[in-house]
Structures are given as C-alpha cells and as structure tokens.
Amino acid sequence: MTTGATVWLTGLPSAGKTTIAYELAGRLGAQGHRVEVLDGDEIREFISAGLGFSREDRHTNVQRIGFLAELLARNGVMALVPVIAPYADSREGVRKRHQDSGAPYIEVHVATPVEVCSVRDVKGLYAKQAAGELSGLTGVDDPYEEPESPDLRIESQHQTVQESAAAVHGLLTERGLA
C-alpha cells in the first residue's frame, strides 16, 4: 500500500496552483501512487454549490475540501489540493484535522505576485475586477493572508511548471512520502 498525504497548494488566482498540481500528479502517478487532484473550481461546482464568497462561505468551502483531502490521505491516496484558501485560520483548521488523524500534510505557498497573476489572468478575473464587473477578488479587493511558515514556498514566475512540481516532489521524497 502506498502512503497517502495531502499537498495543499495555496496562492492567489492564476498563481499556477492547478497547473503545478497536475504536473505533480503525473509524476506521482508514474511512480505508482494513487493520486487525486481536488481542484477548487470543481469542488465549488459539485460539493460547495450554493456557497458564495463571503469569509464564512470561503471558510466552509476550505473545511469541506480539507475533510475530503484528509479522508483520501489517510486511505493511501496522494490528495493534491490547488485552492486559494485565503484565510490562515481556515488553513490551520485543515492542518489540525490532518494532525489529529495522523495523515501527512504539506502546505505549499505558490507565492506568485499579484502583478504576475493579473497578467496571466487565466480565467479573466483580474480583467473583470478592473472593469468593475467583479468585486471580492482575492489579493486585489479581498484579503489573502500569506502562509507564515509553509513547508515550501514556490515563486512560479522564476521557474518552469516542471521545476515547481519537481520542488514539491523533492520535499515529498525527503519526507518519505514519494
């Protein structure tokens, strides 16, 4: 049986979280790990439908994702979780859930600056916010509380997706999880 773990990738919209997660999933899958990517957009559509973007709803969404990730991790699946998760207390709740169950948890801060994210603007959110069509954009007009001591900090603007995934994989290997 392979060891499960949660790799929580937090960062601003368009930071590169999901792209890195899928690259890492490919590497882990090739090694024979069972891997699931819990994409924040898919979770919102299927598990957190009806939740908005208030602080309370964002917290609820993150706790639901954390529950799923911990469930997968303690059952031998590598759960890769690319979600914004803007609030430190929400992320801390997820970390505590993992600690309580003994499931390994790795927090990765994809620390791409807002200026780079707004140029990437994968979903057009920054453009909509700038045009006044959207409010509450994390890191622009809604807070993002950066992790103070993540297990790994990635500056995706300075390296390729492959290099970013390799850095996470290296940490997993160092900790005996990959």
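Observations on the model:
- Residue in segment 123-137 that is within 27 Å of GLU92 (Cα to Cα) and within 15 Å of the chain's Cα centre (by Cα) present: no
- Selection status of GLU42, open to solvent by 10 Å² or more (accessible area, probe 1.4 Å), within 28 Å of ALA166 (Cβ to Cβ) and assigned to a strand (DSSP E or B): no
- Taking helices (runs of 4 or more DSSP H) as the structural unit, those lying wholly within segment 64-178 and holding at least 1 residues that are open to solvent by 70 Å² or more (accessible area, probe 1.4 Å) and over 27 Å from PHE53 (Cβ atoms) correspond to 88-101, 161-174.
- Selection within segment 3-19: residues that are open to solvent by less than 10 Å² (accessible area, probe 1.4 Å) and in contact with a Pro (Cβ under 6 Å, 6 or more places away or on another chain). The member of this set that is farthest from TYR126 (Cα to Cα) is ALA5.
- The set of residues from segment 20-39 being open to solvent by 10 Å² or more (accessible area, probe 1.4 Å), of a type in the set (A, V, I, L, M, F, W, C) and part of a helix (DSSP H, G or I) comprises ALA25, ALA30.
- All positions within segment 24-57 that are under 14 Å from the mean Cα position of the chain (by Cα) and of a type in the set (Val, Ile, Thr): VAL37, ILE43
The values are calculated or read from the model by the stated rules, or taken from the named source; none is laboratory data. For clarity, every value in this text was computed on a predicted model and none was experimentally measured. Cβ atoms come from the backbone with ideal geometry, glycine included; neighbour counts cover every protein chain shown. Only protein heavy atoms, including side chains, enter the accessible area calculation; ligands, DNA and RNA are left aside. Shrake-Rupley method; radii C 1.70, N 1.55, O 1.52, S 1.80 Å.
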